[in-house]
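Trainee: Below is the structure I would like to discuss, written out as structure tokens.
The values are calculated or read from the model by the stated rules, or taken from the named source; none is laboratory data. All of these numbers come straight from a predicted model, not from anything done at the bench. When we count neighbours, we look across all protein chains shown, and the Cβ atoms used for this are built from the backbone with ideal geometry, even at glycine.
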Amino acid sequence: MKCPSCGTDLLVGTILCDECGGYVPNSPNRSAAEKEVVTTNATLILLHSNGQITLDDLTEISLGRDPLNGEDEKRISLADLNALKLGVSRNHAMISKVESKFFIRDLGSTNGTWLNMVRINQNELVSIEDGDIIRLGSLEFQINILRW
């Protein structure tokens, strides 16, 4: 049995990971109702070579060198990550959350948005999972999803 957050090997029946403190929603010690409650909350973390970006309480968030800000969305500027040199567009991609699932959509970027080395079509909504690699231009992130 492995921790869904960090991948650490765990003993069967573990509810909390000793390594990262994450919940283990599929633990045999949990009832079906508890498993459902545990997996309804999730936080997305974008891991990159200089650290991480934690996206808490998001419904929609746009990513880019200078992303546009809509009424119901937050924005994250990637300018500090050398985004211009790495081919990130001003308003490159959108990450959205529906219930406890995350999705990415390319917003018509020049150099494309890639999921696990496959380019996604402009405006196509694609599901992202824990461990996936997304690339905006040449800027790569590993997806880490914490569920509780």
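Trainee: Could we say that N116 is more than 11 Å from the chain's Cα centre (by Cα) and under 26 Å from T8 (Cα atoms) here?
Mentor: So N116 passes the test.
Trainee: Specify the residue that is farthest from R135 (Cα to Cα); the eligible residues are those in the stretch 97-124 that are buried (at least 18 other Cβ atoms within 10 Å of the Cβ) and of a type in the set (S, T, N, Q).
Mentor: Filtering first and then ranking leaves S109.
Trainee: Need pairs with beta-carbon distance below 6 Å; first residue farther than 14 Å from K97 by Cβ and within the stretch 128-148, second hydroxyl-bearing (S, T, Y) and modelled with pLDDT of 90 or more; sequence gap 6+ or separate chains.
Mentor: L136/T113
Trainee: Among the residues of the stretch 90-148, write down those that are of a type in the set (K, R) and touching a Lys or Arg at 6+ places or on another chain (Cβ under 7 Å).
Mentor: Within the stretch 90-148, R90 is the sole residue that qualifies.
Trainee: Next up: Please work out if H48 is at pLDDT 80 or above and either surrounded by fewer than 16 Cβ atoms within 10 Å (Cβ to Cβ) or of a type in the set (F, W, Y) (or both).
Mentor: So H48 fits the description; yes.
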